[in-house]
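The values are calculated or read from the model by the stated rules, or taken from the named source; none is laboratory data. Keep in mind that what you see is a predicted model, and the values were worked out from it rather than measured. Positions of Cβ are generated from backbone atoms using ideal geometry, with glycine treated the same way; all protein chains shown enter the neighbour counts. Please note that ligands, DNA and RNA were not included when accessible areas were found on the heavy atoms of the full protein model with its side chains. Shrake-Rupley method; radii C 1.70, N 1.55, O 1.52, S 1.80 Å.
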Amino acid sequence: MSLSDIATGWGIDALVAELRDLRVKSLEHRQRREHPPKLPSRKVLGPIIDSLGAVLFPNRLGQEDLNDEGIDYFVGHTLDSLLRQLERQVALELRFVAEQNGSSTDVKPRAVEITREFAKRLPKIRRLIDSDIQAAYEGDPAARSSDEVLVCYPGITASIHHRVAHELYNLGAPLVARVIAELAHSATGIDIHPGAQIGDCFFIDHGTGVVIGETAVIGSRVRVYQAVTLGAKRFEKDDNGMLVKGNARHPIVEDDVVIYAGATILGRITIGKGSIIGGNVWLTHSVPPGSHVSQGQTRTEIFAAGGGI
């Protein structure tokens with residue numbers, strides 16, 4: 001059966017031809033006509049992250065019928081499979097970057113190296129996630145158990161993704177890391193760039209609408225609530241009018257800080273240790289350790305300076 005037979009009445013043949021022309025023009029514009037890019041896949045990386053969760057927490061996120069005798073086998077078998085898949089996704093990224101740079105370097109050894117080093121860091125990732133779970137359990141009176149926190153809390157889902165993505169980002173697979181971060185963003189509404197540095201015992205309560213930028217630095221035992229933004233105040237441009245990439249432009253949040261719902265903190269400023277930032281505060285200047293900043297205080301400061309809201 002021909003495509004025209006299948007597509008009777010829909011004008012499919014014309015649409016296929018037009019879409020092909022657009023695709024070819026796009027590839028030619030990017031000088032990729034002969035080598036269309038093959039990128040890491042959300043459909044592949046999603047199950048990899050699910051499998052990683054099962055490896056890290058086999059009793060709670062693994063198979064239902066696991067027993068003590070079978071756990072190690074399950075963990076080992078699952079690890080072998082997911083790491084092989086992850087290595088292929090890392091290789092796709094490295095090959096894409098190499099082709100963009102006009103290089104023909106064999107990327108497989110580097111992909112294997114990145115994946116092997118990532119595997120070595122899994123115990124560290126587990127310890128950090130454990131600390132996040134404990135922080136959530138201790139910080140939320142509605143939490144009845146750490147098990148409930150792990151399987152129900154969107155902040156922990158985002159934390160698992162971020163802890164994994166951040167290691168891959170640092171190891172040289174930023175695109176794979178970004179895809180993993182966006183999987184969490186889609187599932188939870190929590191947007192954490194994989195470049196953000198986040199200490200232990202991190203708790204995002206409720207979580208929807210939280211945004212944490214690439215160069216943000218967050219200390220230990222920090223708690224944030226929904227709709228908090230740790231963002232950039234402005235975007236610098238070079239002499240050609242292009243955005244400068246990679247410069248430090250997001251806040252530093254020191255240890256034991258609490259940031260309540262709706263707070264917006266912008267720029268490379270420092271929130272001192274033990275500070276409390278109230279709900280709906282708009283903050284663009286550093287505050288010393290132990291500060292208590294409320295919306296009323298920030299309004300007073302604006303009016304005192306002769307400005308408006």
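Taking all protein chains together and a 1.4 Å probe, the residues Glu254, Glu214, Glu167 rank Glu254, Glu214, Glu167 from largest to smallest accessible area. Compute a Gaussian network model of the chain, connecting alpha carbons closer than 10 Å, and tell me which residue from Asp106, Asp68, Asp13 fluctuates the most. So, out of Asp106, Asp68, Asp13, the one fluctuating most is Asp13. In the chain, the inverse of the mean reciprocal separation of distinct Cα atoms equals 22.1 Å; this is its Kirkwood hydrodynamic radius. For Asp200, the accessible area of its heavy atoms, probed at 1.4 Å with every protein chain present, is near 50 square angstrom. Using 0.36 nm per residue and subtracting the Cα-Cα separation, the extra length available between Asn280 and Val112 on full extension is 55.9 nm. Past 32 Å, Cα to Cα, is the threshold; run Lys43/Lys124; Lys43/Lys273; Lys108/Lys273; Lys25/Lys233; Lys38/Lys237 against it and keep the listed order. Lys43/Lys273; Lys108/Lys273; Lys25/Lys233, as the Cα separations exceed 32 Å there.
Distances between placed amide hydrogens fall under 5 Å for Ile252 paired with Val217, Ile269, Thr270, Ile271, all partners being 5 or more residues away or on another chain. Comparing Cα centroids, region 250-272 and region 53-124 end up 34 angstrom apart. Phi angles of region 49-61 translate, via the Karplus equation with coefficients 6.51, -1.76, 1.60 and θ = phi - 60°, into HN-Hα couplings of 5, 4, 5, 4, x, 5, 5, 6, 9, x, 6, 10, 10 Hz per residue; Gly and Pro are given as x.
Per-residue Karplus couplings for region 170-184, computed as 6.51 cos²θ - 1.76 cosθ + 1.60 with θ equal to phi - 60°, are listed in order as 5, 7, x, 10, x, 6, 4, 4, 5, 4, 4, 4, 6, 4, 5 Hz, Gly and Pro entered as x.
Other residues within the sphere of radius under 13 Å centred on the Cβ of Gly155, judged by their own Cβ, net out at -3 (K and R +1, D and E -1).
Which of the trypsin sites (Lys or Arg not before Pro) found in region 150-248 are in a DSSP loop and have at most 11 neighbouring Cβ atoms, other than their own, within 10 Å? If you can, show how the numbers build up before the last one.
Values: sites: Arg163, Arg178, Arg221, Arg223, Lys233, Arg234, Lys237, Lys245; in loops: Arg221, Lys233, Arg234, Lys245.
Counting only loop positions with at most 11 other Cβ atoms within 10 Å, the trypsin sites (Lys or Arg not before Pro) in region 150-248 are Arg234, Lys245.
Mean-square fluctuations from a GNM of the chain, with a 10 angstrom spring cutoff on Cα atoms, peak among Phe235, Phe202, Phe74 at Phe235. What's the local net charge at Gly267, with K and R +1, D and E -1, over the other residues with C-beta under 11 Å away? Net charge in that neighbourhood comes out at +4.
Only one residue of Asn280, Ile259, Ile180 has its Cα farthest out toward the positive end of the dipole of region 163-288, where Lys and Arg carry +1 and Asp and Glu -1 on Cβ, and that residue is Asn280.
Taking Ala261, Ala181, Ala17 in turn, the Gaussian network model of the chain (Cα-Cα springs below 10 Å) assigns the largest fluctuation to Ala17. Between the Cα long axis of helix 122-139 and the first principal axis of the chain there is an angle of about 40°, rounded to the nearest 10. Amide H contacts under 5 Å for Thr105: none, restricted to partners 5 or more places along the chain or on a different chain, H placed in the peptide plane at 1.01 Å from N. Surface analysis of the chain yields an accessible area of 55 Å² per residue, using protein heavy atoms and a 1.4 Å probe.
Roughly speaking, to the nearest percent, how much of the chain's 1.4 Å accessible area is carbon and sulfur? C and S fraction of accessible area: 52 percent. Computed from phi, the 3J(HN,Hα) profile of region 80-93 under the Karplus parametrisation 6.51, -1.76, 1.60 (θ = phi - 60°) reads 4, 5, 5, 5, 4, 5, 5, 4, 5, 5, 5, 4, 4, 5 Hz, with x in place of Gly and Pro.
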